[in-house]
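Visitor: Mind looking over this structure? Questions follow.
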Amino acid sequence: MAYNYIALDMNLIPQETKDNVSAFLEGTISNDNTRYLMPGYNHNGDLVQDSGLILSMLQWEKDPQAKLNELISPENSYVMTLKELKAAKLDPQSIWYDEEVDL
């Protein structure tokens, strides 16, 4: 299934998630530590990640759904296609640059 990627603002991700969720630690964080990259939306415009999984990552929040909405809002995140991500990983000026890129 084809999908894009969404880059979330690291400042908005709860510290509890950063400290306690192993899936978060296994994810891709930008070189400048400002963005967290995760699978984004499919061709129907739905989040690729199971919302239950994402909400469980936000379980320490009073309102996990509100926090998720804040994280994925266009004001706080941006979407990249696979082609854009590949180009960014090859660009030494990009926060996504990866010397050992293997997409």
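Visitor: Only one of these is among the hydrophobic types (A, V, I, L, M, F, W, C) and touching a Lys or Arg at 6+ places or on another chain (Cβ under 9 Å): LEU85, LEU8. Name it. Before the answer, list the steps.
Guide: Values: LEU85 fails: touching a Lys or Arg at 6+ places or on another chain (Cβ under 9 Å).
The match here is LEU8.
Visitor: Kindly indicate the residue of region 49-64 that is over 20 Å from MET10 (Cβ atoms) and of a type outside the set (Asp, Glu) and also modelled with the highest pLDDT among those meeting that condition.
Guide: LYS62
Visitor: Another question, then. Pick out the one residue from LEU71, LEU8, LEU37 that is modelled with pLDDT of 90 or more, assigned to a helix (DSSP H, G or I) and in contact with a strand residue (DSSP E or B) (Cβ under 8 Å, 6 or more places away or on another chain).
Guide: Values: LEU8 fails: assigned to a helix (DSSP H, G or I); LEU37 fails: assigned to a helix (DSSP H, G or I).
Going through LEU71, LEU8, LEU37 in turn, the sole match is LEU71.
Visitor: Give me the pairs, please: first residue somewhere in region 25-40 and under 16 Å from MET80 (Cα atoms), second residue anywhere and of a type in the set (S, T, N, Q), beta-carbon distance under 7 Å, and either six or more positions apart or on two chains.
Guide: LEU37/THR28; MET38/GLN49; PRO39/GLN49; GLY40/ASN4
Visitor: Mind listing just one residue for me: the one in region 91-103 that is modelled with pLDDT of 95 or more and hydrophobic (A, V, I, L, M, F, W, C) and, of those, surrounded by the fewest Cβ atoms within 10 Å (Cβ to Cβ)?
Guide: ILE95
Visitor: Select from region 16-32 the residues that are more than 12 Å from the chain's Cα centre (by Cα) and more than 14 Å from LEU68 (Cα to Cα) and write down the one among them that is surrounded by the most Cβ atoms within 10 Å (Cβ to Cβ).
Guide: Taking region 16-32 as the starting set, the residues that turn out to be more than 12 Å from the chain's Cα centre (by Cα) are 16-22, 31-32.
From what is left, the residues that are more than 14 Å from LEU68 (Cα to Cα) are 16, 18-22, 31-32.
Working: GLU16: 13, LYS18: 14, ASP19: 10, ASN20: 13, VAL21: 19, SER22: 7, ASN31: 11, ASP32: 10.
Per the stated criteria, the residue is VAL21.
The values are calculated or read from the model by the stated rules, or taken from the named source; none is laboratory data. Just so it is clear, the model here is predicted, and its values are computed rather than measured. Note that we place each Cβ from the backbone using ideal geometry, even for glycine, and neighbour counts take in every protein chain shown.
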